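Read through the structure below, which is laid out as structure tokens, and then see the notes.
The values are calculated or read from the model by the stated rules, or taken from the named source; none is laboratory data. Computed from a predicted model, the values in this text were never measured in an experiment. Counting neighbours? That spans all protein chains shown, and the Cβs are built from the backbone with ideal geometry, glycine included. Side chains are part of the model used for accessible areas, which takes the heavy atoms of the whole protein and leaves out ligands, DNA and RNA. Shrake-Rupley method; radii C 1.70, N 1.55, O 1.52, S 1.80 Å.
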Amino acid sequence: MFVRIVKLSFHPEHRVAFLSNFEVMKHQIRNAPGNRLLELYQDKSDENVFFTYSYWESEADLENYRQSALFNEVWTFTKKLFNAKPEAWSVDKIVSLA
């Protein structure tokens, strides 16, 4: 399992549109094959910057999602709202304490 972190920065006037669309799509994204967790964070110093954290069983699962009609629908809508190029990282969790 690995974690995918994506930084998304939006024009201020598009922040609400992003959040509304995320609310509609979040369960479908979370239920994509191989997705084990989906979280959305908002930056404390810039309310127009968000981070998604998603946990995937395998890189193939993430790639299958990225090639899916669902991803195409989500990304086609979302990319029009950006004020900066999104950044993404795939990382392996080393330690987790709860």
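Brief remarks on what is shown
- The C-alpha atoms of the chain define a longest principal axis, and helix 15-30 lies at about 20 degrees to it.
- Total lysine pairs in the chain at Cα distances under 21 Å, for residues eight or more apart or on different chains: 9.
- Heavy-atom accessible surface of the chain: percent carbon and sulfur, 1.4 Å: 52
- P(r) histogram, all alpha-carbon pairs of the chain included - 10 Å bins from 0, percent: 15, 49, 30, 6
- Over the residues of the chain, the helix contribution to mean residue ellipticity at 222 nm works out to -10500 deg cm²/dmol, using -39500 (n - 2.57) for each DSSP H run of at least 4.
- The stretch 42-98: GluC sites (Glu not before Pro) falling in loop per DSSP and having at most 16 other Cβ within 10 Å: GLU47, GLU57
- Per residue, in Å², the accessible surface of the chain once ligands and nucleic acids are set aside, probe 1.4 Å: 66
- Length added when fully stretched, LYS93-ASP46, from 0.36 nm per residue minus Cα-Cα: 14.3 nm
- Helix 69-78 axis, angle to the chain major axis (alpha carbon atoms, nearest 10°): 30
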